[in-house]
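**Q** Below is one structure. I have some questions about it.
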Amino acid sequence: LIAKGQYESALPYFDTCQMMNPGYYPPEISRAFCLGKLRKHRQVETFIAALDTTRARDCLIAAAAYAGLGQIEAGITYLQAAADKGEIPDYLLVD
C-alpha cells in the first residue's frame, strides 16, 4: 500500500503487526513514515519527541518520520546518529 501512496489504508496493518509483534520495530518505522506523508505534523512531532534518540533504533524511526514529512536533512541527521551508534539499516539504498 505504501508503494501505491495509500498511506491512510496502510496504517491499520502496521498497528496490527505492532500488536502481534511488540518487539519488532519495522512496522513502527513504516507507520511513522506514513503519518509524515499524510502531513500529520503535530502527531509526527509528538511521536518523535517521545522517542529515545540515544538508541539507534529510535534514531531510525525518527529518520523515517522526517523523510515522510519531506524534511530530508533532519532525516539524514538521524540516520547518521543511528550509524554512529552502530546501526545502519539494511533497507537503506545507496547510490
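The values are calculated or read from the model by the stated rules, or taken from the named source; none is laboratory data. Just so you know, these numbers come straight off a predicted model, no measurement behind them. All Cβ positions, glycine included, derive from the backbone under ideal geometry; neighbour counts span all protein chains shown.
**Q** Considering Ile61, Ile48, Ile2, which residue is at pLDDT below 90, among the β-branched types (Val, Ile, Thr) and within 22 Å of Gly86 (Cα to Cα)?
**A** Of the residues listed, the single one that is at pLDDT below 90, among the β-branched types (Val, Ile, Thr) and within 22 Å of Gly86 (Cα to Cα) is Ile61.
**Q** Considering only residues that are within 8 Å of the chain's Cα centre (by Cα) and among the small types (Gly, Ala, Ser), look in region 26-42 and name the one that is modelled with the highest pLDDT.
**A** Ser30
**Q** Sticking with this one: Tally up the residues in region 46-69 that are more than 16 Å from Pro26 (Cα to Cα) and under 12 Å from the mean Cα position of the chain (by Cα), please.
**A** Qualifying residue count for the region: 1.
**Q** Check every one of the helices (runs of 4 or more DSSP H) wholly within region 17-91 and list those with 1 or more residues that are exposed (fewer than 14 other Cβ atoms within 10 Å of the Cβ) and polar (S, T, N, Q).
**A** On the way: elements: 26-37, 41-49, 56-69, 72-84.
Filter on region 17-91 gives 41-49, 72-84.
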